[in-house]
């Protein structure tokens, strides 16, 4: 059996006196798509940031390919954060080529790849436009393109289809599936349960920094009496949802 590409082992995270993650353990197998699920504040983004070395863990270990992740670790990793962040006053093509070169591509290879990607997502006419002149959805397409440049072995996607209309959501889901089929490992953060059903092999559902469910989509459903993922989410978060609706 292959060794997991990601291992989170007894992970704990505190900020001051507040415990955000409490004794969390899970792994991600090579080539699978793993759903990291939970409501806002459940610990998803904190876990990703600790995995990428942005936050030092209070306790436990988090490894990628057997060791704590560093930028020069040698693994091709693409990360799409929930908070988008690119150089907004630069031209689209210049931004894409710049990041392609940072990923080790030549200037020509990065430009050729970027041109093809812009054509595919119907943004060729925005090639020489400053990023801040694009709509939020168009900027998101550019950031996704940068994330998948150079065919990452590990893709970490935090709400990649957030704010997209159904047509663009379908296009991006197709792009993600192509990387799945090429053997990439994907960690997928989303609130859209239909996306989980379509893409994910296994999932973990977090609440208050702890795992409420963990395993294959089929096994998690069985453990909740055959309920849908939407219903499982509502059951786990029922009280919080009711409190929020009364607020």
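Only one of the numbered conditions (1) touching a residue at least 60 places away in the same chain (Cβ under 8 Å); (2) under 21 Å from residue 157 (Cα atoms); (3) touching a strand residue (DSSP E or B) at 6+ places or on another chain (Cβ under 6 Å) is not met by residue 86, and that is (3). Could you list, in sequence order, the residues of region 184-199 that are touching a helix residue (DSSP H, G or I) at 6+ places or on another chain (Cβ under 7 Å) and over 17 Å from residue 231 (Cα atoms)? Listed by number, the residues that qualify are 186, 188, 189, 199. Regarding residue 146, is this residue in a helix (DSSP H, G or I) and buried (at least 20 other Cβ atoms within 10 Å of the Cβ)? Spelling it out, residue 146 is indeed in a helix (DSSP H, G or I) and buried (at least 20 other Cβ atoms within 10 Å of the Cβ).
So which residues in region 98-143 are in contact (Cβ under 8 Å) with a residue 40 or more places away in the chain and not in a helix (DSSP H, G or I), if there are any at all? 103, 104, 105, 121, 130, 134 - these are the residues of region 98-143 that are in contact (Cβ under 8 Å) with a residue 40 or more places away in the chain and not in a helix (DSSP H, G or I). The strands (runs of 3 or more DSSP E) located wholly in region 1-52 that include 2 or more residues which are touching a helix residue (DSSP H, G or I) at 6+ places or on another chain (Cβ under 6 Å) and surrounded by 21 or more Cβ atoms within 10 Å (Cβ to Cβ) occupy 33-38.
Taken together, the values in this text are just the output of simple stated rules run on the coordinates, not laboratory data. If you're wondering where the values come from, they're calculated on a predicted model, not measured in any experiment. Cβ: placed from backbone, ideal geometry, glycine included. Neighbour counts: every protein chain shown.
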